[in-house]
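Undergrad: I have a structure I would like to understand better, so I am pasting it below and will then ask my questions one at a time.
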Amino acid sequence: MAHYITVATTLRFVVLFCISLVSCFARLQTFKHPAKADGSLSLLVVGDWGRRGFYNQSKVALQMGRTGEKLDIDFVISTGDNFYDDGLEGVNDPAFEQSFTNIYTGKYLQKQWYTVLGNHDYRGDAVAQLSPELQKIDSRWVCLRSFILNAEIADFFFVDTTPFVDDYFVDPDHTYDWRDVLPRSRYLATLLKDLGAALRESTATWKIVVGHHAIRSCGHHGDTQELIEQLLPLLRANNVDLYMNGHDHCLEHITSLDDSIQYLTSGAGSKAWRGDVKNYNREALKFFYDGQGFMSLQLTRTDGELVFYDVFGKVLHTWKVSKDHHSAI
Ligand SMILES: *[C@@H]1O[C@H](CO)[C@@H](O)[C@H](O)[C@H]1NC(C)=O
């Protein structure tokens, strides 16, 4: 008798296990990255970079290496447009090594690079950038369309923003690799549903969302209306601290007058668009720089500090926030 009960129990366990497995697979893939022993976290953020070292890409890379050492960084985030002009041609495209492996050579840059795709990446073989084959060439490379990075005190939510932008679908100027994205409405609905669930479940002190396109920007492309309408409500509802992006080839920090999200553009990894700036609410715009550079982020359980640097490694802008008092300096 006892034997049959055991079988029934085991069967029930197997069925439950299968159900939870299925629901796991439907979710966004999650990576874990340990924080430092004292619980803190340091990282660099760079975007719009892959130009075989040209347009000051190598100079920015050199300074990232120096700052990376000073801050003892844990990892690097790329906000997309990893390879210009048209992404990679395939997994054997030499641009991967010419624009990534051979450029970011600093000792402290030999960490995981958590990476999203930009619109230029979709102009080539987008699937190639997601391929594990690239990790065999350079093990730092972690690129998925949308995923979660659980780094103890902080959860990072990487969002594939290119499929949100109408212009790339309506009379596009270029061809885009929409494999695994079409039908678009289903792709976006699933992504928003999974992201919403992940944000709600997150118990991390810091919630940080990363995409290629800006929600708020006073640079060349400006705000992304599709993201304001579809993505921003989720960020607001779930007390996201920072939204970090590239796309505009500049460095900028915008605060919102209606919520507590900081909007950060780090899209100055190589070619910059000097002088291309839109009028923006002066109260909301904390910092704008239209030359090359990158950003760092340091987090503890109670405090956050972000810094923007230029091509010489010079500090351009610093911003600090404390979780204890909800005060910004
Ligand atoms: C490289 O950076 C320097 C210093 O900001 C700038 O003067 C120069 O125009 C940049 N070069 C290119 C090709 O963008």
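Undergrad: Of Lys59/Lys207; Lys207/Lys271; Lys32/Lys207, which ones are farther than 24 Å apart at the Cα?
TA: Numbers: Lys59/Lys207 31 Å; Lys207/Lys271 30 Å; Lys32/Lys207 15 Å.
Cα-Cα > 24 Å for Lys59/Lys207; Lys207/Lys271; rest within.
Undergrad: What ³J(HN,Hα) values, in whole Hz, does the Karplus curve 6.51 cos²θ - 1.76 cosθ + 1.60 give for the stretch 158-165 when θ = phi - 60°, with x put for Gly and Pro?
TA: For the stretch 158-165, the Karplus curve yields 8, 10, 7, 8, 4, x, 6, 8 Hz.
Undergrad: Among DSSP beta bridges lying fully in the stretch 30-328, give the percent that are antiparallel, nearest 5. Walk me through the numbers before you get to the answer.
TA: Numbers: 35 of 61 bridges.
That works out to approximately 55 percent antiparallel.
Undergrad: Most fluctuating residue of Gln298, Gln63, Gln29 in a GNM of the chain with Cα springs under 10 Å: which is it?
TA: Gln29
Undergrad: Short version: what are the Cα gyration tensor semi-axes of the stretch 261-329, square root of 5 times each eigenvalue, largest first, in whole Å? Don't skip to the answer; put the middle values down first.
TA: Working: eigenvalues 115, 50, 14 Å².
After scaling each eigenvalue by five and taking roots: 24, 16, 8 Å.
Undergrad: Starting from the amide H of Gln262, placed 1.01 Å from N in the peptide plane, find each other amide H under 5 Å away whose residue is 5 or more places distant or on another chain.
TA: Leu242, Tyr243
Undergrad: Oh, and also: Per DSSP H run of n ≥ 4, the term is -39500 (n - 2.57); total these for the chain, divide by its residue number, and report the mean residue ellipticity at 222 nm rounded to 500 deg cm²/dmol. Don't skip to the answer; put the middle values down first.
TA: Details: 7 runs with 79 residues, N = 329.
Helices in the chain give a 222 nm mean residue ellipticity of -7500 deg cm²/dmol.
Undergrad: Report the gain in length on full extension from Asn150 to Asp138: 0.36 nm times residue separation, minus Cα-Cα distance, nm rounded to one decimal. Kindly include the intermediate steps, with their values, before the conclusion.
TA: On the way: separation 12, 0.36 × 12 = 4.32 nm, distance 2.21 nm.
Extra length available between Asn150 and Asp138 comes to 2.1 nm.
Undergrad: Continuing with the same structure: Under 17 Å from the 7 Å Cα→Cβ point of Thr105, by amide nitrogen: which residues of the stretch 25-68?
TA: Only 51-67 pass the distance filter.
Undergrad: Starting from the 7 Å offset along Cα-to-Cβ, what nm value, one decimal, do you get for the label separation of Leu316 and Arg282?
TA: Placing both labels 7 Å along Cα→Cβ, they lie 2.1 nm apart.
Undergrad: Pairs of Cα atoms under 8 Å, at least six residues apart: use those to get the relative contact order of the chain, whole percent.
TA: On the way: 726 pairs, mean separation 62.9, N = 329.
Relative contact order of the chain: 19 percent.
Undergrad: Scan the chain and note any complete DSSP helix (H) whose C-alpha atoms cover at least 24 Å along its axis and whose Kyte-Doolittle average is -1.0 or more. Working shown, then result.
TA: On the way: long enough: 2-26 (36 Å, 1.73); 184-201 (26 Å, -0.18).
In the chain, the long hydrophobic H runs are 2-26, 184-201.
Undergrad: Express in nm, to one decimal, how much length is gained between Gln225 and Gln98 on full extension, taking 0.36 nm for each residue of separation and deducting their alpha carbon distance.
TA: Values: separation 127, 0.36 × 127 = 45.72 nm, distance 3.46 nm.
Stretched out fully, the Gln225 to Gln98 stretch lengthens by 42.3 nm.
Undergrad: Sticking with this one: Stokes-Einstein at 25 °C, 0.890 mPa s, Kirkwood radius from Cα pairs: D for the chain in µm² s⁻¹?
TA: This corresponds to a translational diffusion coefficient of 120 µm²/s.
Undergrad: Okay, next question. I'd like the FRET efficiency for Thr190 and Asp86, computed as 1/(1 + (r/R0)^6) with the beta carbon distance as r and R0 of 35 Å, rounded to 0.05. Intermediate results must be reported in sequence, preceding the final value.
TA: Values: r = 27 Å, r/R0 = 0.77.
For R0 = 35 Å, the calculated efficiency reads 0.85.
Undergrad: Find how many whole Å separate the alpha carbon centroid of the stretch 33-62 from the alpha carbon centroid of the stretch 159-193.
TA: The stretch 159-193 and the stretch 33-62 have Cα centres separated by 27 Å.
A short reminder: the numbers here are calculations on the coordinates, not readings from a lab. Note that the structure is predicted; figures quoted are calculated from it, not measured. So basically every Cβ, Gly included, is an ideal-geometry build from the backbone, and we count neighbours across all protein chains shown.
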